[in-house]
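Here the structure is laid out as structure tokens; the discussion comes afterwards.
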Amino acid sequence: MDEVRIVAEERVALGKKVKALRRSGITPIHVYGPGGPSLSLQSDTYDLVHALGVVGQTSPMTVQTGGGEHFVMVQHIQRHPVSERLLHVDLLRVSRTQRIHASVPLHFEGEAPGARAAGATLSEDLHELAVEALPTDIPHAIVVDLAILSDSDSVIHAGDLELPVGVTMITDPAAYVARIITHAAVSEEEEEAAEEAAAEAPAATEEPAASEEDASSE
């Protein structure tokens, strides 16, 4: 993937003035982390939305300012709770030569043949994988092929997933990613035995009626 770049400039609008900034098509961003001071910047909203759509939260991008360039990864995206309009983005500086930890989403593809059996269901147990790699080596997503789950006892563990060169798994390799769970069916014999046991169970003991002598003494 080609390196993603956005152009940003110093932000002078603060407080209530930020609303007007957003209405004009500009979004506030914050760059911080090792290698420099914290910067309050702003960028064209259209360009920023496009860049975020490409890098997500697993790939790096470059923020170009009048004072230089900042190699960053997305740390937090703030959106409007109703309209989901982009409000603010936090960007963390990272090194091109230092390995970092990241959570990579899992994308499930295909159909699990084992889930077609009677009483069988597909369980997707893990939805992201913790990895370590250089920022430029971190994959955007990891594909899980559900077609591997061919039998009623099939399981995909984290260690079964293929990772790109240079990417190390941090998640426990034995962790379940996806599996077929079979629910035991109750046979007719078991149902009949349960019904017979219920019929033979003693009825609840009733309280004895009060005698005339007990009634007259009250």
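So, of the residues in the range 131-153 that are open to solvent by 80 Å² or more (accessible area, probe 1.4 Å) and within 15 Å of PRO113 (Cβ to Cβ), which turns out to be nearest to the chain's Cα centre (by Cα)?
It comes out as ILE148.
Would you confirm, using the coordinates I've provided, whether VAL54 is out of contact with any helix residue (DSSP H, G or I) (no Cβ under 9 Å at 6 or more places or on another chain), in contact (Cβ under 8 Å) with a residue 24 or more places away in the chain and closer than 25 Å to ALA102 by Cβ?
For VAL54, the condition - out of contact with any helix residue (DSSP H, G or I) (no Cβ under 9 Å at 6 or more places or on another chain), in contact (Cβ under 8 Å) with a residue 24 or more places away in the chain and closer than 25 Å to ALA102 by Cβ - is met.
Against the condition open to solvent by 30 Å² or more (accessible area, probe 1.4 Å) and under 25 Å from ALA133 (Cβ atoms), how does PRO34 come out, does it pass?
So PRO34 passes the test.
Being part of a strand (DSSP E or B) and surrounded by 13 or more Cβ atoms within 10 Å (Cβ to Cβ) is the filter here; which residues of the range 98-108 pass it?
Passing the criteria: ILE100, ALA102, SER103, VAL104, PRO105, LEU106, PHE108.
From the list VAL63, VAL18, VAL82, which one is modelled with pLDDT under 95, over 22 Å from the mean Cα position of the chain (by Cα) and farther than 20 Å from VAL131 by Cα? Reasoning before the result, please.
Working: VAL63 fails: modelled with pLDDT under 95; VAL82 fails: over 22 Å from the mean Cα position of the chain (by Cα).
Step by step, each of VAL63, VAL18, VAL82 is checked, and only VAL18 is modelled with pLDDT under 95, over 22 Å from the mean Cα position of the chain (by Cα) and farther than 20 Å from VAL131 by Cα.
Which one of GLU111, GLU69, GLU128 is under 23 Å from VAL12 (Cβ atoms), open to solvent by 70 Å² or more (accessible area, probe 1.4 Å), of a type in the set (Asp, Glu) and without any contact (Cβ under 8 Å) to a residue 40 or more places away in the chain?
Of GLU111, GLU69, GLU128, the one residue that is under 23 Å from VAL12 (Cβ atoms), open to solvent by 70 Å² or more (accessible area, probe 1.4 Å), of a type in the set (Asp, Glu) and without any contact (Cβ under 8 Å) to a residue 40 or more places away in the chain is GLU69.
ALA174 fails exactly one of the following numbered conditions: (1) on the phi < 0 side of the Ramachandran plot; (2) of a type outside the set (S, T, N, Q); (3) at pLDDT below 95; (4) surrounded by fewer than 14 Cβ atoms within 10 Å (Cβ to Cβ). What is the number of that condition?
The one condition ALA174 does not meet is (3).
Given the structure, is ARG96 among the basic types (Lys, Arg) and touching a helix residue (DSSP H, G or I) at 6+ places or on another chain (Cβ under 7 Å)?
Yes: the conditions hold for ARG96.
The values are calculated or read from the model by the stated rules, or taken from the named source; none is laboratory data. In this text the structure is predicted, and so the values were computed from the model without any measurement. FYI the Cβ positions are ideal-geometry reconstructions off the backbone, even for glycines, and counts take in every protein chain you see. SASA here: full protein model, heavy atoms, side chains in, ligands and nucleic acids out. Shrake-Rupley method; radii C 1.70, N 1.55, O 1.52, S 1.80 Å.
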